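Below: one structure, written as structure tokens.
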């Protein structure tokens, strides 16, 4: 599907010149399965990039390619302008944090952190100083003599982070590091990692399947699907201006309508929705011919719900409320309209003002034309 | 701890008696003052221990058995540990076949193996040497070592080795500092099995030993053919004591530390 929003987006090649980690045309094949289909990403020094996607999209394989744990079938990876594609894992000078923490269970916390230093030839007082520094960084001073089995998951992950950072790696790689933590701990670890990352200015690549995590932490998010990068952009752009219907669908909730273009004029295209007599107006865009198949998506928070007959937005449907689900900050209102089910997300404050949300109420469901994300079907 | 059901207590007690009674009879009989094996023994004395410890007919084979057991254990470890690592990492073609091949001696009667070895070693001019005896015992002990190491290594989180590599350790240092310490419970358990299998193995030793290399089980067996005095009970008691002492020492040094391997 093509992008029809006019928003500009940063392409990877534009920033390739100053990249710290430069991934060029990486492909990887497991047997007959193409895990990565030509990936290009250029990551700037100090940047925090999240690789986001459903399981099996190739994000972890890509991270392991950077670490050297997987050798890509073709393509090149440069760090600091130097190709590391043929450099063995232990000479790449990277830090990595794993979902399983992967601490050495037979070593104390201090020995776990010391390991990388020892491998890099840092010994004695200098090593002790850096171990203390690393423990202070993750706020785990006093845990030196503990074994991994004697600590909670969150504590183990802090130690894993300290262990990865103590060798002062060129870049930090994280593979779903908070996936095994409960929601609250997860959030505090996210905030802490972001604080640390900013303070140290370390280039960071973070793999996650959790969009909230990716959007809230990263400078840029690479949304991956089926071994490709669908979009590499800032979190705001990813959310507000998705370039493909996959990205729009994957990030956040959407209402989705399919149809074909019935007619066009200077001001608008008229989209006839499938299975109905109903047409809606969409903002005109280039190259859209009459008859073209189109998918329109609208975010629930852009949908307005009002009592029948109340003033409404540019695109208006009528329907009946079927369900309301309270989710804390917002109330999700599900309505059956003349073109199918629609969900609107109403903030608590708004809901108190307009008393619309009760099952069975007749309502108008509406949104503005610019709230519509429009994709031409392939 | 919850109390065991009464039936289970009874069953466990019966099984313990069944397993321990024969051992107990031998040990108690060894302390007899009489000239024949009797139970209960006739009087208490250490004379039979004194007798066997002075008798080179027992002491030499005992030393041979210990030496053979230790060497067979070390050799099977050197073969089985790298094999287990390679088999689990799994990049080798035909790894299922190799694994089955290495474990095959488990399902082969040792007397058949012994006959085969006898012919083979005679052909290559090694018959009745210590080397051929050791080779026979290594074949028998490798599967025990392989099984336990395979089990532990297959259950190990592979990301831990990945972490060591990324931290700057090459393959050798990763194996030395991370993999070997982590699979140590498997190695220790395998070593115990291997030593015990070799220490009381009869069939191969019977066919491949000569007067100089004879092992303790073989010498006990041949002594029993002509004698019925408590010397056999005494040497058996010494043999049991060696095994129990070895197990206690290993448990003391490795068993307790295993607790720490239960990460996460």
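Taking every DSSP beta bridge that has both residues in the protein assembly as shown, what percent is antiparallel when rounded to the nearest 5? Display every interim value, and only then the final one.
Numbers: 67 of 85 bridges.
Roughly 80 percent of the beta bridges in the protein assembly as shown run antiparallel, per DSSP.
Taking a quarter of the surface of the Cα convex hull of the stretch A:80-124, what do you get in nm²? Present the calculation step by step, with values, prior to reporting the outcome.
On the way: hull surface 18.3 nm².
Averaged projected area of the stretch A:80-124's Cα convex hull equals 4.6 nm².
Given a 10 angstrom Cα cut-off, can you work out which residue in A:248, A:344, A:50 is the most mobile in a GNM of chain A?
Per the Cα network of chain A with a 10 Å cutoff, A:344 tops the list.
Over the Cα atoms, compute the radius of gyration (one decimal) and Dmax (the largest Cα-Cα distance, rounded to a whole number) for the stretch A:196-272, in Å.
Reported Rg and Dmax, both Å: 16.8, 56.
Could you work out how far apart the two model spin labels at residue A:125 and residue B:210 are, taking each label as a point 7 Å from the Cα in the direction of the beta carbon, and quote it in nm?
A separation of 6.6 nm, rounded to one decimal place.
Within a 10 angstrom radius of the beta carbon, how do A:188, A:366 rank from fewest other beta carbons to most? Please list the in-between numbers first.
Working: A:188 12, A:366 22.
Lowest to highest Cβ neighbour count: A:188, A:366.
Calculate the mean, over all residues of peptide A:83-93, of how many other protein chain Cβ atoms lie within 10 angstrom of the residue's Cβ. Write out the running numbers ahead of the final one.
Working: counts 0, 0, 0, 0, 0, 3, 10, 10, 2, 3, 2.
Averaged over the peptide's residues, the number is 3.
Partner chain Cβ atoms within 10 Å, averaged over the residues of B:27-33 - can you pull that number for me?
Details: counts 0, 0, 0, 0, 0, 0, 0.
Taking the mean over all residues of the peptide, I get 0.
For a footprinting-style exposure proxy, rank B:92, A:229 by other Cβ within 10 Å, fewest first. Could the numbers behind the result be given before it?
Values: B:92 13, A:229 23.
Ascending number of Cβ neighbours within 10 Å: B:92, A:229.
By how many degrees, between 0 and 90 and to the nearest 10, does the Cα long axis of helix A:124-137 differ from the longest principal axis of chain A?
Taking the Cα atoms of chain A, the angle to A:124-137 is about 20 degrees.
What does the structure give for B:177-187 when I average, per residue, the other chain Cβ atoms found within 10 Å of the residue Cβ?
On the way: counts 7, 6, 0, 1, 4, 3, 0, 1, 0, 0, 0.
Whole-number average of other-chain Cβ neighbours for B:177-187 is 2.
Where does helix B:6-30 land angle-wise versus the long Cα axis of chain B, in degrees 0 to 90, nearest 10?
For helix B:6-30, the angle is close to 60 degrees.
Taking the Cα-to-Cβ direction at residue A:200 and at residue A:240 and moving 7 Å from each Cα, how far apart do the two end points lie in nm?
3.2 nm
As I understand it, the value is the acute angle between the Cα axis of helix A:109-119 and the longest principal axis of the Cα atoms of chain A; what does it come to in degrees, rounded to 10?
80 degrees
Where is the GNM fluctuation largest for chain A (alpha-carbon springs, 10 angstrom cutoff): A:62, A:173, A:117?
A:117
Using all Cα-Cα distances in chain B, what percent lands in each 10 angstrom bin from 0 up to the longest?
6, 22, 27, 24, 15, 5, 1
Hey, any idea what the orientation-averaged projected area of the convex hull of the stretch A:170-210's Cα atoms comes to, in nm²? Don't jump to the answer; show the numbers that get you there.
On the way: hull surface 11.3 nm².
Projected over every direction and averaged, the Cα hull of the stretch A:170-210 covers 2.8 nm².
Which residue, A:292, A:67, A:25, tops the fluctuation ranking in a GNM of chain A built on C-alpha contacts under 10 Å?
A:292
Separation between the residue A:76 and residue B:17 pseudo-spin-labels, each 7 Å from Cα along Cα→Cβ, expressed in nm?
8.1 nm
If I histogram all Cα-Cα distances within chain A using bins 20 Å wide from 0, what percent of pairs lands in each bin?
Once binned at 20 Å, the Cα pair distances of chain A give 25, 46, 25, 4.
So how compact is the stretch B:24-133: Cα radius of gyration and Dmax in angstrom?
Reported Rg and Dmax, both Å: 21.6, 65.
May I ask you to derive the FRET efficiency for residue A:118 and residue B:158 from their Cβ-Cβ distance with R0 = 35 Å, giving the value to the nearest 0.05? Please report the intermediate quantities before stating the final value.
Details: r = 22 Å, r/R0 = 0.62.
The calculated FRET efficiency here is 0.95.
Plugging the Kirkwood radius over Cα pairs into Stokes-Einstein for the stretch A:245-301, at a temperature of 10 °C and a viscosity of 1.306 mPa s, what D comes out in µm²/s? Numbers along the way, then the final one.
On the way: Rh = 12.0 Å.
Estimated diffusion coefficient is 132 µm²/s.
Which value results for Rg/Rh of the stretch A:273-315 when Rg is the Cα radius of gyration and Rh the Kirkwood radius based on the inverse mean 1/r?
Working: Rg = 13.3 Å, Rh = 13.2 Å.
With Rg and the Kirkwood Rh in hand, the quotient comes to 1.01.
Let me know the volume per residue of the alpha-carbon convex hull for the protein assembly as shown, in Å³. Mind dumping the intermediate values first?
Details: hull volume 167.6 nm³, N = 642.
Expressed per residue, the convex hull around the Cα atoms of the protein assembly as shown is 261 Å³.
Based on the Cβ-Cβ distance of residue B:104 and residue B:176, what FRET efficiency does E = 1/(1 + (r/R0)^6) give at R0 = 22 Å, to the nearest 0.05?
Working: r = 30 Å, r/R0 = 1.38.
Between residue B:104 and residue B:176 the formula returns 0.15.
None of the figures in this text is laboratory data; all of them are computed from the coordinates on show. Given the structure is predicted, the values throughout are model-derived calculations rather than measurements. Ideal geometry is used to build each Cβ from the backbone, glycine not excepted, and the neighbour counts take in all protein chains shown.
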